[in-house]
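Engineer: First, the structure itself, so that you have it in front of you.
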Amino acid sequence: MFRYFPGNEGWSYHFAARIVNVAQLGGADFHEAHRVLEHLKAGDGEGWYRGWQAAGARNEKNALEAKRRGRPITARDAFLRAHNYYRTAQFFLAGSDERKKDSYVRSVSCFHEALPYFDNPPERVTFPFEGSHLSGYYYRPLGTARQRHPTIAYLGGVDIISEELYFFAAQQMLQRGFGVLCFDGPGMGEPLRVRGICARPDYEVAISAAVDYLESRPDVDADKICLVGQSMGGYYGARGAAKEPRLRAAILWGACYDLIEDIYDFWPAVRGQIEWVIGAKDEADAREKLKPFTLKGVLQHAKCPVMVTHGQDDTLVSVKAAHKTYADLPEPKHLRIWNEAEGGGIHLMNDNRAEAVPYMLDWLLEEVGRPRGISIFP
């Protein structure tokens, strides 16, 4: 992995995974990002916030001016960069810091401003969830696939918001003819930051609500609804694969078997974020709340083919999580561990998404093309 901040794995990972990778897909500019960070001392959280917040404001101003002048492409691109820079600004702030919510709201606002200028604008959607709602974006594929198409319910993890998923894999999903529902569940994005809805261990409830919504759409082939969960979404997605029988196939893009063992204790730097996401007061409260966040005794109920992928040298979530998850899953199942030599050894294979994302999605596309119940893993 390219390490912009040698010796600071967390900052280097964030820059490589969510700035450099995103720059290739329209959510950042490498040289602009370098200007933000070149004089910043690693670990200076306030400097990180100020630099990225200023970059977001500058791009938002440019986008609004381009919009006023009738320059839609320029406006779209600047709004998307502003979106990601505001998201980046709030990343290392504590959940109790009001600036975190403010930067998040500005990030989402810029994403919304960009949507009308997409070649294929998504729908902003909401769907019922336990007397309230969850929200996200539905992207329809182009061409004849718009009639009735296979669809992916796509969700992130402990710190990924639904807007950002557009830059992770949603574009590649669309290119393969999938519809894509990017949504924020409990403990994510808008439900957490605006309404205070925290993460829960029985995440299959949120996933089933998403499947209910997708089945209600006349353009979705209800027999070809798939699921992709990434990072801590590897835990959420595994719950869905085990408990939601309508799923055709699932990908756990980064496994997570037990939140205490595989993240909370494995990567202590994330403890504050996890405590905020689950609504814990302190470490003792977090450990108590996290006890039911485990896949032990759950996965044997999975009814669909499941692919588990993980980086061998993942420093955020233990690779042991992938082996434990795979061991408990019934057939058909597939385990792919990526290593440093080939690229893909880090969290979510972010040092080789060029190969890892097609590997996952091409399998998923072939899977929905087979009769249900027949799976041939590579």
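The values are calculated or read from the model by the stated rules, or taken from the named source; none is laboratory data. Bear in mind the structure is a predicted one, so any value in this text is a computation, not a measurement. As a convention, Cβ positions derive from the backbone with ideal geometry for all residues, glycine included, and neighbour counts pool all protein chains shown. Side chains included, ligands, DNA and RNA excluded: accessible areas come from the protein's heavy atoms. Shrake-Rupley method; radii C 1.70, N 1.55, O 1.52, S 1.80 Å.
Engineer: Pull out the extension gain between Ala354 and Asp212, defined as 0.36 nm times the separation in residues minus the alpha carbon to alpha carbon distance; nm, one decimal.
Structural biologist: Contour length minus Cα-Cα distance gives 47.9 nm.
Engineer: Indicate, rounded to the nearest 5 percent, the antiparallel portion of the DSSP beta bridges found entirely in the chain. Don't skip to the end; give the middle numbers.
Structural biologist: On the way: 13 of 38 bridges.
For the chain, the DSSP antiparallel bridge percentage is about 35.
Engineer: Sticking with this structure for a sec: Where the accessible area of the chain is counted over protein heavy atoms with a 1.4 Å probe, how much of it, in %, is carbon and sulfur?
Structural biologist: C and S atoms contribute 52 percent here.
Engineer: Please work out the Cα convex hull volume for the range 309-378 and give it in Å³ per residue.
Structural biologist: Considering the Cα atoms of the range 309-378, their hull volume per residue is 83 Å³.
Engineer: With every protein chain present, what is the per residue accessible area of the chain (1.4 Å probe, Å²)?
Structural biologist: Averaged over the residues of the chain, the accessible area is 39 Å².
Engineer: Follow-up. For the range 166-230, what Kirkwood radius comes out of the mean inverse Cα-Cα distance, in Å? Please report the intermediate quantities before stating the final value.
Structural biologist: Numbers: mean 1/r = 0.0758 Å⁻¹.
Taking the inverse mean of 1/r over all distinct Cα pairs, the range 166-230 comes out at 13.2 Å.
Engineer: Further question: Once a ≥ b ≥ c are taken as the square roots of the eigenvalues of the Cα gyration tensor of the range 83-131, is the result rounded (a/c under 1.5), prolate (a/b larger than b/c) or oblate (a/b not larger than b/c)?
Structural biologist: oblate
Engineer: Now a separate question. Given a 10 angstrom Cα cut-off, can you work out which residue in His334, His133, His39 is the most mobile in a GNM of the chain?
Structural biologist: His39
Engineer: What is the antiparallel percent of DSSP beta bridges lying wholly in the range 214-344, to the nearest 5?
Structural biologist: That works out to approximately 5 percent antiparallel.
Engineer: Over all directions, how big on average is the projection of the convex hull of the alpha-carbon atoms in the range 246-304, in square nanometres? Intermediate values should be presented prior to the final figure.
Structural biologist: Details: hull surface 19.5 nm².
Quarter of the Cα hull surface area: 4.9 nm².
Engineer: Using only the heavy atoms of the protein chains and a 1.4 Å probe, how would Cys256, Cys198 rank by accessible area, largest first?
Structural biologist: I get Cys198, Cys256, largest accessible area first.
Engineer: On to the next question. For Asp119 paired with Lys61, estimate the spin-label separation in nm (one decimal), with each label point 7 Å from Cα along the Cα-to-Cβ line.
Structural biologist: Result: 3.2 nm between the two label points.
Engineer: Rounded to two decimal places and with Rh computed the Kirkwood way over Cα pairs, what is Rg over Rh for the range 58-118? Write down the numbers at each step before the final one.
Structural biologist: Working: Rg = 12.1 Å, Rh = 11.5 Å.
That ratio equals 1.05.
Engineer: Treating the range 119-246 as a set of equal point scatterers at the Cα positions, no solvent, please give the Debye-formula log₁₀ I(q)/I(0) at q = 0.09, 0.14, 0.20, 0.21 Å⁻¹.
Structural biologist: Log10 I(q)/I(0), no solvent term: -0.21, -0.53, -1.13, -1.25.
Engineer: Subtract the Cα-Cα distance of Arg271 and Glu9 from 0.36 nm times their separation in residues, and report this length gain in nm to one decimal.
Structural biologist: Residue separation times 0.36 nm, minus the Cα-Cα distance, leaves 92.7 nm.
Engineer: Taking the Cβ-Cβ separation of Arg69 and Ala284 as r and a Förster radius of 56 Å, what is the calculated FRET efficiency to the nearest 0.05? Don't jump to the answer; show the numbers that get you there.
Structural biologist: Values: r = 56 Å, r/R0 = 1.00.
Calculated value: 0.50.
Engineer: For the range 96-191, give the share of DSSP beta bridges that are antiparallel, in percent and rounded to the nearest 5; count only bridges with both residues there. Walk me through the numbers before you get to the answer.
Structural biologist: Working: 12 of 16 bridges.
Counting DSSP beta bridges with both partners in the range 96-191, the antiparallel share is about 75 percent.
Engineer: In the range 1-88, with Lys and Arg counted as +1 and Asp and Glu as -1 at Cβ, which of these residues, Phe79, Val36, Ile19, has the Cα nearest the positive end of the dipole, that is, farthest along it?
Structural biologist: My answer, from the dipole projection, is Phe79.
Engineer: Over what distance in Å are the Cα centres of the range 160-238 and the range 259-318 separated?
Structural biologist: If you average the Cα positions of each part, the centres end up 18 Å apart.
Engineer: Okay, moving on. Would you please calculate the Kirkwood hydrodynamic radius of the range 211-328 over all C-alpha pairs and express it in Å, rounded to one decimal? Please list the in-between numbers first.
Structural biologist: On the way: mean 1/r = 0.0670 Å⁻¹.
Evaluated over the range 211-328, this radius sits at 14.9 Å.
Engineer: Leaving ligands, DNA and RNA out of it, work out the accessible area of Arg69 with a 1.4 Å probe and give it in Å² to the nearest 10.
Structural biologist: The accessible area of Arg69 comes to roughly 130 Å².
Engineer: May I pose another question? Need the full-extension length gain, Glu331 to His301, defined as separation in residues times 0.36 nm minus the C-alpha distance. One decimal, nm.
Structural biologist: Values: separation 30, 0.36 × 30 = 10.80 nm, distance 1.08 nm.
Once the chain is fully extended between Glu331 and His301, it gains 9.7 nm.
Engineer: Moving to a separate point now. Binning at 10 angstrom from zero up to the longest distance, how are the C-alpha pair distances of the chain distributed in percent?
Structural biologist: 5, 25, 36, 26, 8, 1
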